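Heads up: the structure comes next, in structure tokens.
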Amino acid sequence: MGIAISDPLRLLARRLETVTRRHGDNPGPVDHIAALCLEYDVDTIVVGLPLRTDGRESPIADEAVVFAEALRDKTELTVEMFDERYTSQIAGRVIAETGAGKRGKKRDKELVDRLAAEILLQGWLDMQRGGFVG
């Protein structure tokens, strides 16, 4: 799972790190993310909501919701769900086009996850400012 953070003005997202999370691993790395929230003085957490291409929730959407609720309970912060469709595909394409991911499959997957988190957060930030999301 990729983690990204925004600047204090909420203009730009940047990828931060990757944490391991497996399907069925609910609620996931909540304690680690809660610690990051304290370290970076976070006031809102954005969690990707896995939707199908037709907009319906995917089979793992329930896990994302449980994870978001666990984060909300642990941190007492605002937690928003945001459509994560295509973020990994876009991240993979960017990495392939720039040649950034030629270090092995595991490292490539981690880079894709971090970049996808950055893309997701940037989309959310843009939406908050009334900008284009797409």
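What follows is calculated from the coordinates using simple rules that are stated; it is not laboratory data. Since the structure is predicted, the reported quantities are computational estimates derived from the model, not experimental observations. Using ideal geometry, Cβ is built from the backbone for each residue, glycine included, and neighbour counts are taken over all protein chains shown.
Pop the C-beta distance of Val65 and Leu11 into the FRET formula with R0 = 25 Å and round what comes out to the nearest 0.05. Walk me through the intermediate numbers first.
Values: r = 28 Å, r/R0 = 1.13.
The calculated FRET efficiency here is 0.30.
Let me have the 222 nm mean residue ellipticity of the chain computed from DSSP H runs of 4+ only, each contributing -39500 (n - 2.57), with the sum over all residues rounded to the nearest 500. If you can, show how the numbers build up before the last one.
Details: 4 runs with 61 residues, N = 134.
Calculated at 222 nm, the ellipticity per residue is -15000 deg cm²/dmol.
Maximal additional length on extending the Asp43-Arg72 stretch stands at 9.3 nm, based on 0.36 nm per residue less the C-alpha distance. Taking each residue as 0.36 nm, the span from Ile95 to Asp31 lengthens on full extension beyond its C-alpha to C-alpha distance by 20.1 nm.
How long is the gain from Asp54 to Val19 if the chain were fully straight, where each residue apart is worth 0.36 nm and the alpha carbon distance is subtracted? Spell out each step's value before the answer.
Values: separation 35, 0.36 × 35 = 12.60 nm, distance 2.86 nm.
In short, 9.7 nm is gained.
Placing +1 on the Cβ of every Lys and Arg and -1 on the Cβ of every Asp and Glu, with no other charges, gives region 2-128 a dipole of roughly 780 debye about its Cα centre.
Need one word for region 2-128: rounded, prolate or oblate. Basis is the Cα gyration tensor (sqrt eigenvalues a ≥ b ≥ c); a/c below 1.5 gives rounded, then a/b vs b/c decides.
Numbers: a/c = 1.41, a/b = 1.24, b/c = 1.14.
Rounded is the answer for region 2-128, as its axis ratio a/c remains below 1.5.
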